[in-house]
1. Using label points projected 7 Å from each Cα along Cα→Cβ, tell me how many nm separate Ser306 and Val43, to one decimal.
2. Positive end of the dipole of the chain, charges at C-beta (+1 Lys, Arg; -1 Asp, Glu), about the Cα centre: which of Thr460, Ala398, Pro117 has its Cα farthest in that direction?
3. Trypsin sites (Lys or Arg not before Pro) within the stretch 379-432: which are DSSP loop residues with at most 13 other Cβ atoms inside 10 Å?
4. Once every DSSP H run of n ≥ 4 in the chain is given -39500 (n - 2.57) and the sum is divided by its residues, what mean residue ellipticity at 222 nm do you get, rounded to the nearest 500 deg cm²/dmol?
5. Treating only the Cβ of Lys, Arg, Asp and Glu as charged (+1, +1, -1, -1), what charge dipole size does the chain show about its Cα centre? Round to the nearest 20 debye.
6. Starting from the Cα gyration tensor of the stretch 237-349, take the square roots of the eigenvalues, sort them a ≥ b ≥ c, and report rounded, prolate or oblate (rounded when a/c is under 1.5, otherwise prolate if a/b is larger than b/c, else oblate).
7. Which residue, chosen from Ala108, Met431, Ile162, occupies the Cα position most advanced towards the positive end of the dipole of the chain, where the dipole is computed from +1 (Lys, Arg) and -1 (Asp, Glu) charges on Cβ about the Cα centre?
8. Sticking with the crude label model, points 7 Å out along Cα→Cβ, report the distance from Ala470 to Phe341 in nm, one decimal please.
Amino acid sequence: MSDDPDGADTSDDAGTLGYQQARWTDSDQRYEPLLSEKDTTEVEVGGDDSPLPDDLTRDSLELPALSEPELARHYTRLSQMNYGVESGPFPLGSCTMKYNPKFTEDVAAIPDGAVHPDRPDDSVQGTLAVMAGLQDYLGRIGGMDAVTLQPPAGAAGEYAGILIAKAYHEANGEDRDEIVVPDTAHGTNFASAALAGYDVVELPSAEDGRVDLDALDAAVGEDTAALMLTNPNTLGLFERDIETIAGIVHDAGGLLYYDGANLNALLGRARPGDMGFDIMHYNVHKTFATPHGGGGPGAGPVGVKSELAPFLPSPHVRERPEGSGYERYEPEHSVGKVHGFEGNWLVLIKAYAYIARLGDPGLADASAKAVLNANYLATQLDYEVPFGPFHHEFVASAGEQDAADVAKRMLDYGVHPPTTKWPETVGEALMTEPTEIEGKRTLDQLAAAFDAVAGEDDTTLDAAPTETSARRIDQVAAARTPRLSWQALDE
Ligand SMILES: Cc1ncc(COP(=O)(O)O)c(C=O)c1O
């Protein structure tokens, strides 16, 4: 690390970060107590006048009784025991953990932006104009003719997109019951197809990590409703044969679905719509710097080619045919609602602000830097990085080490680990996506952390993390028996 007191980078080697996470506990060594455990007061709420049955109302509530500084400290402490993109690098492959610029929060906080969704169209023309504007931006970015903003996450967008494909085939009198998904795809692709009632046909990858054209030819036929694909794929490799792939699927009467999780690699340079994709979702929280989805609450707009537009979810926003403002309407063969109203508006408005601020040159610049950063970092690591050259992300192999242990140990060096153990086509996968937000110095610190861990023994890895507020947690129990409320904690 630099010896320069001003912090300037005076060497080529940025070194590993020094790191120790805060650990706030009460006198019983319990983590920072909940607000309701600190100090409470009984507040009368006057349930007497309520029209609800007596057993659903109460006369008083126990509420936290804290001063503003106590409240501010509580949340600051929690943030100090956490790790986020504002703490340090966060190269969580496929998740595109960008920094969310604060000006977009200001835009979302404009009071006039938070209008009640049931208000009549004439009284919310500004809001509808911004929605139509975002639909237009996204359509142009993806090369799609119409866009719905309604789905609340990428996975929800996939499901909505597959429902649209299904409705389209049914309207054409076609009974197709299979969706083809490559083995490198995200788990949500398989889940969305299955949830929509399809049989999922898993497509093996070719040796170069891309779609195996012979296998695709064999898998696709008159039962194929769609192929779901992301390009670049989850190994960060561009599907160079995308036109041939589109031809195979279309010739069989199927549709091509684009998983937009990797759109950050293409922004302003190439468009799924021009590659032959018919339907796509946009993970606005990955590509357009809004808080992350993880199934929601994010936003996963869906774009379609014109022949699929009549099937979009309802309500949909459009410019009034007579050109006097905007309106909500139900598309002719709409698949119905996939979420309330027009979607998670306060997330979407941040995406609108981000796109408007960057403009076409800014978006193209973002993807160029994301690709440059991934390729630079890949060349700096001691771990083997099969495949390449890459787009916005790459997958290294932890080799003899367990990728999950590597991930835990990286936290001790003050960096967030990459995504691990996926895709399974690379053993002990470390799927890494630095994004465009990092500069060379941070990338070098990240590489130094990877390399430090690569040289460590099993005992050290097994004991990790040691510098975080919580040591290694039981992830399976956390996922299967989550305690999501303070009542559950009491139980
Ligand atoms: C390739 C890919 N597809 C789909 C999704 C699902 O997106 P979301 O988290 O918004 O539901 C993800 C999420 O990480 C992803 O990486």
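1. 5.6
2. Result: Pro117, furthest along the dipole toward the positive end.
3. Qualifying residues, ordered by number: none.
4. Roughly -10500 deg cm²/dmol at 222 nm, from the helical runs in the chain.
5. Here the size comes out at about 980 debye.
6. oblate
7. Ala108
8. Result: 3.3 nm between the two label points.
Readers should treat all values here as calculations from the given coordinates under stated rules, not as data from a laboratory. No experiment lies behind these values; they were computed from the predicted model shown. So basically every Cβ, Gly included, is an ideal-geometry build from the backbone, and we count neighbours across all protein chains shown.
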